[in-house]
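Enquirer: Mind looking over this structure? Questions follow.
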Amino acid sequence: MLKIAIGTQNKAKVEAIKKGFREHYEHVSFECLKTESNVSEQPFSDQETIEGALNRAKNVLRMTEADIGIGLEGGVTESLYGMFLCNWGGLVDRNGNEIIAGGARISLPAEIGRGLRQGGELGPLMDEFTQRTGIRQSEGAVGIFTNGIVTRDAMFLHVVQLLIGQLKYRENQS
């Protein structure tokens, strides 16, 4: 039985991880724990978002007896074309091997970018923007700004599949 420790309790991220692993491993169990990313509440670059994902994976692995720790982190990154969503995943095994994968990006409306540059965090900004609560636990900013065509769990599922694909590649090389 492959034991997976998930470094979050965020519903969208947890569902993405469970779905991804169940598609590729017959016997798998999960433990979900709230862990620290050890980066800003709002990661503001690819580098910081990657660090957050890896830190979550390492931290949750230390807290459990799992074989693998996984962390997913959403952030934003500035470009010449405006502010973009970015999302990264980190997978760490008991031998200290690390796997990193990134996912889709979309540009954010100028008003959201302004709020982020002024120190806001995307989750609360999205709740205010949509006049709803818990956007980050459901469709996420990506779901809002793609009209529901791509949701947060689907976006993170892609990252998880990239992690699993690299893991399976390494397993086949052994």
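The values are calculated or read from the model by the stated rules, or taken from the named source; none is laboratory data. In this text the structure is predicted, and so the values were computed from the model without any measurement. Please note: Cβ atoms are built from the backbone with ideal geometry, for glycine as well, and neighbour counts cover all protein chains shown. Note: accessible area is taken over every heavy atom of the protein model, side chains too, but ligands, DNA and RNA are not part of it. Shrake-Rupley method; radii C 1.70, N 1.55, O 1.52, S 1.80 Å.
Enquirer: Give the peptides 45-58, 103-116, 18-31 in descending order of average Cβ contacts within 10 Å, highest first.
Expert: Highest to lowest by the protection proxy: 45-58, 103-116, 18-31.
Enquirer: Further question on the same structure: Rounding to the nearest 20 debye, state how big the charge dipole of the stretch 112-174 is about its Cα centre with +1 on each Lys and Arg Cβ and -1 on each Asp and Glu Cβ.
Expert: 160
Enquirer: Same structure again: For a quick check of understanding: with a 1.4 angstrom probe and all protein chains in place, what accessible area in square angstrom does M83 have, to the nearest ten?
Expert: 0
Enquirer: Using amide H atoms built 1.01 Å from N in the peptide plane, name the residues 5+ places from S45, or on other chains, whose amide H lies under 5 Å from its own.
Expert: Amide H to amide H, under 5 Å and 5 or more residues apart or across chains, S45 pairs with V76.
Enquirer: Now a separate question. With springs connecting C-alpha atoms under 10 Å apart, model the chain as a Gaussian network and identify which of N147, N38, N95 has the largest mean-square fluctuation.
Expert: N95
Enquirer: Using a cut-off of 15 Å between beta-carbons, work out the net charge of the residues near P43 (Lys and Arg +1, Asp and Glu -1, P43 not included).
Expert: Once positives and negatives cancel, what remains is -3.
Enquirer: Let me ask something else about it. Compare V39, V60, V76 in a GNM of the chain, Cα atoms joined below 10 Å, and give the one with the largest fluctuation.
Expert: In the Gaussian network model the winner is V39.
Enquirer: In sequence order, what are the phi-derived ³J(HN,Hα) couplings for the stretch 64-77 according to the Karplus relation 6.51 cos²θ - 1.76 cosθ + 1.60 with θ = phi - 60°, rounded to whole Hz, with x for glycine and proline?
Expert: Those phi angles translate into 9, 9, 5, 7, 9, x, 10, x, 10, 9, x, x, 9, 9 Hz.
Enquirer: With Cβ to Cβ distances under 13 Å as the rule, what net charge do the other residues near E23 carry (K, R +1; D, E -1)?
Expert: Once positives and negatives cancel, what remains is +2.
Enquirer: Around F84, under 9 Å between beta carbons, what's the net of Lys plus Arg minus Asp minus Glu among the other residues?
Expert: So the surrounding residues net to 0.
Enquirer: For the chain, divide the Cα radius of gyration by the Kirkwood radius and give the resulting Rg/Rh value with two decimals.
Expert: 0.98
Enquirer: Per residue, what accessible area does the chain have, given a 1.4 Å probe and all protein chains present, in Å²?
Expert: The answer is 51 Å² per residue.
Enquirer: Whole-Hz ³J(HN,Hα) for each residue in the stretch 123-128, computed from phi via Karplus 6.51 cos²θ - 1.76 cosθ + 1.60 with θ = phi - 60°, x for glycine and proline: what do you get?
Expert: Calculated HN-Hα couplings, in order: x, x, 4, 5, 4, 5 Hz.
Enquirer: Let me ask something else. Please list C32, C86 from largest to smallest accessible area, probe radius 1.4 Å, with all protein chains kept in place.
Expert: The ranking, largest first, comes out as C32, C86.
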